[in-house]
Amino acid sequence: MANHYLHNVQGLFDTIAPNYDRMNNIISLGTHRHWRRQTMAQIHLRPTDHVLDLCCGTGDWTIALAQELTATDGVIGLDFSAPMLKIAQQKVHQAHVDKQVWLRRGNAMHLPFHDNQFDVVTIGFGLRNLPDKVQGLAEIYRVLKPGGQLICLETSQPDQPLIKPVWQWYFTRVVPWFGRLFAHQYQEYAYLQETTRHFVSYRQLVTLFQQAGFTQVHYQRFNFGAAAAHFGTKPATTEVHHD
């Protein structure tokens, strides 16, 4: 079932890849860049860190991370959509960060990396599309080094009584209409608004982080709760081995 789901979602992102950046700007009214900048400001990157950007899409966050790093292949951008990665590669080249970035095609549910490999893992607007969020978080936890940090930037749901119905109307009615008007892809954007609307709340995501083993879990909400950045740390090992 998960494989069929994954194949369908992959096909959807392959289809929307050419319009993805433009539609993100339209749907978020340009605010998604602000969300990412605000989130980046809270990540304490060292120039030699090794970073994994999961569900990297067309590479905007991958590039922003690479610009903070000096190590060759300091950031790996992973996505399951080849058309998305093709666009990302062009943008990486234009941003002159080819040496710092390695783009890979792969499955976020089964990461092709060793345990304890990365200092930081980021995932932007991708967790909601995984068929099993718990498994996805477990994989992220596995590949993070002890003391490493996960940063998840994701759409969320406002809970203020005056804002919530407007938000629901916008995503239920307006977003699919934008998909039809600007990209001729009504069904695809109808699906994406469903994943946004039915994703776990920001409080539930805190619980999922904690259940996966992350500590120091906290979050920052944007635009009255339309998006949220969640932060979690993989505990540093405290075991002492005696000879």
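Odds and ends about this structure:
- Within segment 33-51, residues that are of a type in the set (D, E, K, R) have Cβ atoms under 7 Å from residues that are open to solvent by less than 50 Å² (accessible area, probe 1.4 Å) and part of a loop (DSSP other than H, G, I, E, B) in these pairs: Asp49/Leu69; Asp49/Gly74, counting only partners at least 6 apart in sequence or on another chain.
- Taking each residue of segment 128-148 that is without any contact (Cβ under 8 Å) to a residue 40 or more places away in the chain and looking for partners that are acidic (Asp, Glu) with beta-carbon atoms closer than 8 Å, six or more apart or interchain, yields Arg142/Asp115.
- Among the conditions (1) over 24 Å from His34 (Cα atoms); (2) modelled with pLDDT of 95 or more, Ala190 misses just one, which is (2).
- Selection count where residues are assigned to a strand (DSSP E or B), under 16 Å from the mean Cα position of the chain (by Cα) and more than 10 Å from Phe214 (Cα to Cα), scope segment 136-151: 2
- The sole residue among Leu144, Leu130 that is buried (at least 22 other Cβ atoms within 10 Å of the Cβ) and touching a helix residue (DSSP H, G or I) at 6+ places or on another chain (Cβ under 7 Å) is Leu130.
- Out of Val121, Val92, sole residue that is in contact with an Asp or Glu (Cβ under 7 Å, 6 or more places away or on another chain) and of a type outside the set (Gly, Ala, Ser): Val92
- Taken over segment 22-44, the criterion of being open to solvent by 40 Å² or more (accessible area, probe 1.4 Å), modelled with pLDDT of 70 or more and assigned to a helix (DSSP H, G or I) is satisfied by Arg33, His34, Arg36, Arg37, Gln38.
- Whichever residue in segment 75-112 is touching a Phe, Trp or Tyr at 6+ places or on another chain (Cβ under 9 Å) and assigned to a loop (DSSP other than H, G, I, E, B) and, among such residues, is nearest to Ile43 (Cα to Cα): Ala108
- Here the condition is being among the β-branched types (Val, Ile, Thr), modelled with pLDDT of 85 or more and touching a His at 6+ places or on another chain (Cβ under 9 Å); of Ile76, Ile87, it holds for Ile76 alone.
- For segment 45-71, a residue qualifies if it is touching a Ser or Thr at 6+ places or on another chain (Cβ under 9 Å) and more than 26 Å from Pro83 (Cα to Cα), and the qualifying residues are Pro47, Thr48, Thr70, Ala71.
The values are calculated or read from the model by the stated rules, or taken from the named source; none is laboratory data. All figures in this text were calculated on a predicted structure; none of them were measured in a lab. So basically every Cβ, Gly included, is an ideal-geometry build from the backbone, and we count neighbours across all protein chains shown. What goes into the accessible areas is simple: the full protein's heavy atoms, side chains included, and nothing from ligands, DNA or RNA. Shrake-Rupley method; radii C 1.70, N 1.55, O 1.52, S 1.80 Å.
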